[in-house]
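Read-outs: derived from the displayed coordinates by stated rules, not from any lab. Just so you know, these numbers come straight off a predicted model, no measurement behind them. In this analysis, Cβ positions are derived from the backbone assuming ideal geometry, glycine residues included, and neighbour counts consider all displayed protein chains.
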Amino acid sequence: MSVPTAIHDFPTYPDVVTLADGGFAISSPAKINLGLRILGKRPDGYHEINTVFQEISLCDKIEFHPAHDWSLEVRGADLDSGASNLVSRAAALLSREAGVPCHASVLLDKRIPIGGGLGGGSSNAAITLIGLNRLWNIGISTIRLRELAADIGSDCAFFIHGGLAQGTGRGEILDLRRGHFQGEIVIAAPGFSVSTKWAFGTGRFPLTNAEKSVILPLYSCSMSVRSHQLEVFGNDFESIVFSKYSELFRIKQTFLEHGAVVSMLAGSGSSVFGIFKERSQAMHAAQQLEKPCQAYLCQPIGRPR
């Protein structure tokens with residue numbers, strides 16, 4: 001079981017560590033969707049959604065160093081480091097936007113499971129925009145960075161801000177929220193991916209009646225006491241994905257049977273998450289998962305707004 005280092009509540013986004021030679025490292029976080037409703041297909045071919053994004057403490061790390069050309073090294077995963085990589089695509093996009101050479105030495109250290117619905121690739125692209133904006137000292141506004149991120153991927157815009165946010169439209173229209181929910185999260189990564197394109201193409205939405213919502217206490221950025229509440233609703237992809245991948249449904253049932261307040265498919269899958277009131281509950285539930293499933297224990301992150 002992997003236990004990521006906890007990030008302190010409500011730090012300024014993003015998390016930056018200064019390195020030698022004028023470089024720096026930035027955490028590139030994963031997310032979970034606290035509910036995901038598919039409202040219908042749009043004229044542009046995308047789907048209209050309603051979701052709640054929550055940043056979590058499971059992170060990749062990206063290092064940015066000055067250089068006289070472009071290079072990308074990927075560690076921890078077998079990913080192409082060429083022009084198709086989302087980090088390279090984001091760098092090229094920002095270079096064109098600012099009219100500056102695309103020169104940097106970038107190291108991507110992957111820890112977020114790939115293809116698990118946790119937004120790792122989108123996060124990497126967004127953090128690349130933020131990091132190179134800083135490295136190149138070009139002063140692109142946060143609003144413009146969010147627009148550029150949305151051109152790369154529908155949930156990429158969320159990672160310009162982190163924290164907690166409701167997403168509508170394709171997911172790029174954001175209502176940023178203060179605080180984070182109370183609880184410990186276990187991410188179960190089964191060792192295979194689910195195609196988002198397949199999930200959208202297979203689905204006929206809405207699929208079923210809405211599941212009963214769960215209310216979680218929400219903590220504000222100004223005080224460490226319960227301040228308001230967050231409604232967590234169901235994921236419309238579950239009926240599609242669970243019908244083909246019954247092992248993912250069994251993971252959800254395992255979490256619920258061992259004390260999860262909420263358990264849900266992460267995005268379109270393949271990861272499944274459970275939210276627990278206590279860390280001991282979360283760790284016990286994680287120990288029930290069968291190989292080759294990998295468990296990650298992490299926390300929700302709030303950001304000041």
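A few notes on this one:
- Gaussian network model of the chain, springs between alpha carbon atoms under 10 Å - residue of Q294, Q182, Q229 with greatest fluctuation: Q229
- Computed over region 16-177, Kirkwood Rh from alpha-carbon pairs, angstrom: 16.0
- Cβ-based charge dipole, the chain, positive-most Cα from F64, S123, I26: S123
- With the helix formula -39500 (n - 2.57) applied to DSSP H stretches of n ≥ 4, the chain reaches a computed 222 nm mean residue ellipticity of -7500 deg cm²/dmol.
- Euclidean distance of C-alpha centroids, region 47-107 and region 127-177, integer Å: 13
- Neighbour-count ranking [beta-carbon atoms within 10 angstrom, fewest first] of K291, K61, K244, K31: K291, K244, K61, K31
- In region 97-220, inverting the average of 1/r over every pair of distinct C-alpha atoms gives 17.2 Å as the Kirkwood radius.
- Restraint check, K31/K110; K61/K252; K61/K291; K252/K291; K31/K61; K110/K244, Cα-Cα greater than 19 Å: K61/K252; K61/K291; K110/K244
- Most fluctuating residue given options V232, V186, V52, as computed from a GNM of the chain linking Cα atoms under 10 Å: V232
- Charge dipole magnitude, Cβ of K and R +1, D and E -1 - region 16-177, Cα centre, debye nearest 20: 380
- Sites counted here are GluC sites (Glu not before Pro) in a DSSP loop (not H, G, I, E or B) having no more than 16 other Cβ atoms within 10 Å; the longest part of the chain that contains none of them is 1-210.
- Taking the DSSP bridge list for the chain and keeping only pairs wholly inside it, about 85 percent are antiparallel.
- Both the radius of gyration and Dmax for region 1-108 are 17.2, 50 Å, in that order, over alpha-carbon atoms.
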